[in-house]
Amino acid sequence: MAELRRTPENYFTLTCAVLGLIAFFCIGWLVATPKVLFGRSLTAIPPSLFPQLVLGTLSILSFALAWRIHRSPPDESIPSGIYGVGRGAAFFGVMTFYALTMTPFGFFISSALSMAAMSVLTGNRTIWQIALLCLIAPPLLYLAATRLLAVSLPELNAIELFYARLLPW
Amino acid sequence: MIEQFFEGLSMALRIDTFVMMALGLFGGMLVGALPGFTTLMAMAILLPISFFLDPLVGIPFLLGIYKGGMFGGSIPAILVSMPGTGAAVATSRDGYALTKQGKSRKALDMALFASVFGDTASDIFTILMIFPIAVLVMQFGPPELFAVLLMSLIIIAVTSGSNPLKALIMMMLGLWLSFIGTDPLGGVERFTFGLFELKSGIPLLPMLIGVFAIPEIASVVMRNEKTRQLAAVMGERLTLTELRRCFRTIGRSTVIGTSIGIIPGLGQVVAAMMGYSAAKNASETPEKFGQGELEGVAAAEAANNSVNGPTMVPLLTLGIPGDNVTAILLGAFVAQGLRPGPQLFDEQGATVFAILIAMIFGNIMFLAIGYLSIPLFSRIVTIKVSVLIPLVIMFAFAGAFVFRSDSVDLLMLVVFGIFGIVAKAARFDVMPMVMGFILGPPLEYAFGQTVAMTNGDMFGFFLGERWGAATVLALCPVFGYLLWKRMQSVNTA
């Protein structure tokens, strides 16, 4: 039997197939019991029916695609891996850091740190450019969002008080 | 209807609407012109801004980005043979050939005029047709709605990319994601794993930004690009004689694009390819197409821009987004309290007309802004990616947060961003997934209501009372197969 091709396409397809299959057979644990009133269901269809149809279809289609990929000749033009995995991992690391720190650190600090990291990751080595970008852009966006659009962004009390003293509105 | 139209006309005549639309047009052109950055990304990131503006300001702003971006995508297609949008691929065939002949200015002028004409004509068609279609749709019950939604999903699957199997898999994934949270019929929890944060389901906006914008940005970072460059614009302007020569082609492409725009799922790419193919087939000199023929540019641009207006018809009348851009517009409408569907015209018909009329005024501004902006690209523009990327990320995160003021949405953004880049590497299109996610709840709800109406006799119900819906359901696989075969012939043309 020919070896399974180690391509992102194959991995993705088989993951969908396996997850769909597991979810299909474990539907009882994943969907809460439907509500019943006086011995009768409140809905015409059980809440697990549509998910089961979809999950079953997903598994069948994914296995069909995986089989088709396995049977077809390899396409040499498709890269066998993801280019720049290290840079990609660093990129998502910075994004995760940004997501986790926005509320506890506030918008300004989390944005400044994340933007600095992103700027360095994309090749900027000029300190003053990075500093200018990180110190000016977040406050401008924060003030535009909170004062002009009247939406809230998380910010530390000390920084918010500083803005309030700095600006009359 | 006439009263609503005139009321909408007076509502649309606002300075702030025009100002924001002009900003959107210019911004859309700028983003569309940057190779690697898409209009879709700009709309997804700027969508939250529209939430906090008046509907008659916010939605025209997004529409301005959409329209400007469609033309903007043709700029790198013509200047450097790098289409900024999928729809500009057809434009690049003759556009880039014209640039190599030193006639890039003519090509850009033709792209602009053809885009504006196609867009304006289709917007007028939309205004004339939308109300009668809405009246027809009001006769729909749950069985008809279920049939139409299922047909739409099948059309979207077969027209998305070259592999319908992959599109169907992504659609199933999207449907599955839509089940997370509370069941729309019975209110029971599904796939929440006991997590409080998942009880209200997955929010749409972080998903849209995550799958559409983040993978584009990540690709730029992973390819280690330093700058974005555009070539200089050269040559004489388009003459009236050259424009007159292409009138028939522009008219033909407008009709093609308008017809395609009404059907959910087909979109600008299909329209541009079909418009280009039709122009080539009708031309007396088809051998000149691909060698620098202005008609080629006119055909592609008129067709892809004339999709813009009619694509609002299924969106506004049925709540069915035809493509990923209208999926974002749907998010804007819902956030503004304008729930698309037949009842929208009953309750807020004047507002809908005001938005559609603003689209027409926007085309006039489009012509002026485009005509004046093209010389801006006459200098070589270098934009440092190390400045642009951090700014875009900051906007994306701020936008995802303000949607629900919930930090969990930021983690959703990161998760969907990772999913988007993995899907891209695996050569799966995320658009069917987003469509499945958006249409999943109304599809399931309509299905549940339909089953309740049948009282256990499904066949008797459909064949006796709802034969229209039964016909559509029976034709779904046939229509899907025929459309897929047609798409294959268009793609290989």
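Since every read-out is calculated from the coordinates, none of them should be taken as a lab result. Fair warning: this is a prediction, and the values are worked out from it, not measured in the lab. With ideal geometry, Cβ positions are generated from the backbone for all residues, glycine too; neighbour counts draw on all protein chains shown.
Sort all Cα-Cα distances of the stretch B:235-361 into consecutive 10 angstrom bins from zero, then give the percent of pairs in each bin up to the one containing the longest distance.
Going from the shortest bin to the longest, the percentages are 13, 36, 27, 17, 8, 0.
Quick check: from the Cα gyration tensor, does the stretch B:307-429 come out rounded (a/c under 1.5), prolate or oblate?
Oblate, because a/c is 1.5 or more while a/b does not exceed b/c.
Positive end of the dipole of chain A, charges at C-beta (+1 Lys, Arg; -1 Asp, Glu), about the Cα centre: which of A:LEU113, A:LEU133, A:PRO47 has its Cα farthest in that direction?
Among A:LEU113, A:LEU133, A:PRO47, the one farthest towards the positive end of the dipole of chain A is A:PRO47.
Could you go through the stretch A:6-16 in sequence order and give the Karplus-derived ³J(HN,Hα) for each residue, using 6.51 cos²θ - 1.76 cosθ + 1.60 with θ = phi - 60°, rounded to whole Hz, and x for Gly and Pro?
Whole-Hz 3J(HN,Hα) from phi for the stretch A:6-16: 8, 10, x, 4, 5, 4, 4, 4, 5, 4, 4.
Would you mind checking the pairs B:LYS106/B:LYS280; B:LYS288/B:LYS384; B:LYS384/B:LYS424; B:LYS67/B:LYS106 and listing those with alpha carbons more than 27 angstrom apart?
Cα-Cα > 27 Å for B:LYS288/B:LYS384; rest within.
Helix B:467-492 versus the longest principal axis of chain B: what angle, 0 to 90°, nearest 10, using Cα atoms?
Approximately 30 degrees, to the nearest 10.
So if R0 is 41 Å, what FRET efficiency would B:GLN343 and B:THR239 give, r being the distance between their Cβ atoms, rounded to the nearest 0.05?
With R0 = 41 Å, the Cβ-Cβ based efficiency is 0.25.
Along the stretch B:343-360, what does the Karplus equation 6.51 cos²θ - 1.76 cosθ + 1.60 (θ = phi - 60°) give for ³J(HN,Hα), rounded to whole Hz, x for Gly and Pro?
6, 4, 6, 5, 8, 9, x, 4, 5, 4, 4, 4, 5, 5, 5, 4, 4, 5
Give the cross-link partners of B:LYS103 among the aspartates and glutamates, using a straight C-alpha distance below 20 Å as the criterion and excluding same-chain residues fewer than 8 apart.
The qualifying aspartates and glutamates are B:ASP94, B:GLU236, B:GLU242, B:GLU287, B:GLU293, B:GLU295, B:GLU301.
Over all residues in B:439-445, what is the mean tally of Cβ atoms on other chains that come within 10 Å of each residue's Cβ?
Per residue, the average neighbour count from other chains is 2.
What is the Rg over Rh value, at two decimals, for chain A, using alpha-carbon atoms and the Kirkwood definition of Rh?
1.18
Using mean Cβ contacts within 10 Å as the protection proxy, how do A:59-66, B:167-174, B:65-72, B:283-290 order, highest first?
B:65-72, B:167-174, A:59-66, B:283-290
Amide H of A:VAL31: which non-local residues (sequence gap of 5 or more, or other chain) have their own amide H closer than 5 Å, using H built in the peptide plane?
Hits under the 5 Å cutoff: B:PHE191.
HN-Hα J couplings of the stretch A:148-157 from phi, Karplus 6.51/-1.76/1.60, θ = phi - 60°, integer Hz, Gly and Pro as x?
8, 8, 6, 10, 9, 10, x, 8, 5, 4
Among rounded, prolate and oblate, which fits the stretch B:2-492 when a ≥ b ≥ c are the square roots of the eigenvalues of its C-alpha gyration tensor, a/c under 1.5 means rounded, and a/b larger than b/c means prolate?
In terms of gyration-tensor shape, prolate.
Using bins 10 angstrom wide from zero, how does P(r) for the stretch B:1-158 break down, in % of all Cα pairs?
The percentages, shortest bin first, are 10, 27, 31, 24, 7, 1.
May I ask you to order B:94-100, B:269-275, A:45-51 by the average number of other C-beta atoms within 10 Å around their residues, highest value first?
The densest-packed peptide leads the list: B:269-275, B:94-100, A:45-51.
Determine the shape class of the stretch B:123-222: with a ≥ b ≥ c the square roots of the Cα gyration tensor eigenvalues, call it rounded for a/c under 1.5, and otherwise prolate if a/b is greater than b/c, oblate otherwise.
Note, shape of the stretch B:123-222 comes out oblate.
Could you name the lysines whose alpha carbon sits less than 27 Å from that of B:LYS199, not counting residues in the same chain fewer than 8 places away?
A:LYS35
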